[in-house]
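Data block below; observations after.
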Amino acid sequence: MKTELAELLNRPLRIGNKTVSGRLVSAPMAGITHAAFREMVEGFGPPALFYTEMAGAKALPIENRRTSPVFRWRDAELPRLVCQIFGAEPQMMASAARRVEAEGFWGVDINCGCSAAAIRKQGAGAALLEKPRLAGEIVAAARAAARLPVTVKFRNPPAGSKAGATDLARVFEDAGADALVFHPRTSPDVRTRPPVWEHIAQVKAAVRVPVFGNGNVFTPESCLRMLRLTGCDGVAVGRLAAARPWIFGEWTGVLGPDKELPVKTAKAMAELCVLHFDLRRALLRYRKWSAYFAANFRFGHYLWKQVRSAEDVPDALEKTLRFLAEGAEISAVPNANLFA
Ligand SMILES: Cc1cc2nc3c(=O)[nH]c(=O)nc-3n(C[C@H](O)[C@H](O)[C@H](O)COP(=O)(O)O)c2cc1C
């Protein structure tokens, strides 16, 4: 199974005017897929593409990468880095796409899925699922503004919407999107209800551009199942990448078995959070990530509680290492209670 999965994941894929080396990508997660996290993941073998946390299109054209908590990166990662932007106004999104291209990112992604109230209120993220015409105009404006690949990450629109997921997929393709990342969960569902993978197959069948399936891939077996069941061109992994950042190396066959992976992961995450962020932000990021990391272990809620009460990153790391030294073993599937 391992070799079969690695073979499927290591096939190159043409997206727009570029080619990526493989099919397994890291999905965008606000508060998680920041520069420190991405550098830590790279140490175990990188995904074919990394998505950044979402960045607001309004501020992006004037954003300072040295001071912005979100719009920051290492130049070395640009060849595989997609900047996700959110907004509700085509020309604003076009300006943001232009900046993303000028900085040398691999691609730009349009967020059409975030259900957070603060984003929806602006008419952005998941709100766009109910406005297919505007969503199309936004993709077209980004497309016209830049030559780099434009991808769209979206979800099932709310029940009763005029356009369904396949209609939206066609709108995005017609507007010039080069690839789609589809999470088949109806907005504004929370992550407790399972995604309907059959909808990924329907979206894949509706368009010619590559489609990445996303949602509840928690094991190598489920990754293989998603690829087979839906025919999707690739898989975007979110929460599992936070819990087990080594899966990109492991599933593509570049990383062998190593019992020390959890310890190495925690140490690298702590070190890089401090390197990339001020002390307060470093602790907030280490803490947020810890909920997913803790989900790997029996009694993970105990680890999570410990880290939540940590005073700073060194304290949080010490608590993590102590927990791991007490014989914590990785479970087959992360604990869904910590993983929602
Ligand atoms: C903490 C967190 C933050 C997220 N932030 C974003 C985001 O900024 N943009 C986005 O398109 N999706 C975001 N998502 C959704 C994920 O990209 C993904 O679609 C979702 O977690 C389902 O995939 P998974 O089952 O592999 O985790 C976020 C998810 C989580 C858990």
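Only the coordinates and a few stated rules stand behind these numbers; no lab work does. Here the structure is a predicted model, which means the values were calculated and not measured. Positions of Cβ are generated from backbone atoms using ideal geometry, with glycine treated the same way; all protein chains shown enter the neighbour counts.
Computed about the Cα centre, the dipole magnitude for the chain is approximately 540 debye when only Lys and Arg (+1) and Asp and Glu (-1) carry charge, each at its Cβ. Note on the chain: Lys pairs 8 or more places apart or on different chains, Cα atoms under 21 Å apart, count 25. Charge tally around R298: other residues with Cβ under 12 Å, Lys/Arg +1 each, Asp/Glu -1 each, net -2. Qualifying GluC sites (Glu not before Pro) in region 254-321, where qualification requires a DSSP coil assignment and no more than 12 other C-beta atoms within 10 Å, comprise E260, E311. Phi angles of region 91-99 translate, via the Karplus equation with coefficients 6.51, -1.76, 1.60 and θ = phi - 60°, into HN-Hα couplings of 5, 5, 5, 5, 4, 5, 4, 4, 5 Hz per residue; Gly and Pro are given as x.
Cβ crowding within 10 Å, taken as a proxy for footprinting-reagent exposure, orders T19, T252 from fewest neighbours to most as T19, T252.
How long are the three semi-axes of the equivalent ellipsoid of the chain, in whole Å, if each is the root of 5 times an eigenvalue of the C-alpha gyration tensor, listed from largest down?
The three semi-axes for the chain are 31, 23, 19 Å.
Within the shell defined by Cβ-Cβ distances under 13 Å, the residues around G104 carry a net charge of +3, with Lys and Arg each +1 and Asp and Glu each -1. Stretching K264 away from A76 to a fully extended chain increases their span by 65.5 nm, per 0.36 nm per residue minus the current alpha-carbon distance. With θ taken as phi - 60° and the Karplus curve 6.51 cos²θ - 1.76 cosθ + 1.60 applied, the whole-hertz 3J(HN,Hα) list for region 57-72 is 5, 4, 7, 4, x, 10, 5, 9, 5, 7, 10, 5, x, 10, 8, 8 Hz, x standing for glycine and proline. Taking the Cα centre of region 165-316 as the origin and placing charges on Cβ (Lys, Arg +1; Asp, Glu -1), which of V196, V254, G300 is farthest toward the positive end of the dipole? Towards the positive end, the residue furthest out is G300. Just to confirm the number: angle between the C-alpha axis of helix 165-174 and the first principal axis of the chain, 0 to 90 degrees, nearest 10? Once rounded, the angle reads 70 degrees. Taking K and R as +1 and D and E as -1, what net charge do the other residues with C-beta under 12 Å from the C-beta of A126 add up to? Net charge in that neighbourhood comes out at +4. Relative to the longest principal axis of the Cα atoms of the chain, the long axis of helix 132-145 lies at roughly 80 degrees.
Of the trypsin sites (Lys or Arg not before Pro) found in region 1-94, those that fall in a DSSP loop while having at most 15 other beta-carbon atoms within 10 Å are R65, R66, R74. Out of G113, N10, A266, whose Cα points farthest toward the positive end of the dipole of the chain (charges: +1 Lys, Arg; -1 Asp, Glu; placed on Cβ)? Working it through, the farthest residue towards the positive pole turns out to be G113.
For region 172-214, applying the loop criterion from DSSP together with a ceiling of 11 other beta carbons within 10 Å to the trypsin sites (Lys or Arg not before Pro) yields R208.
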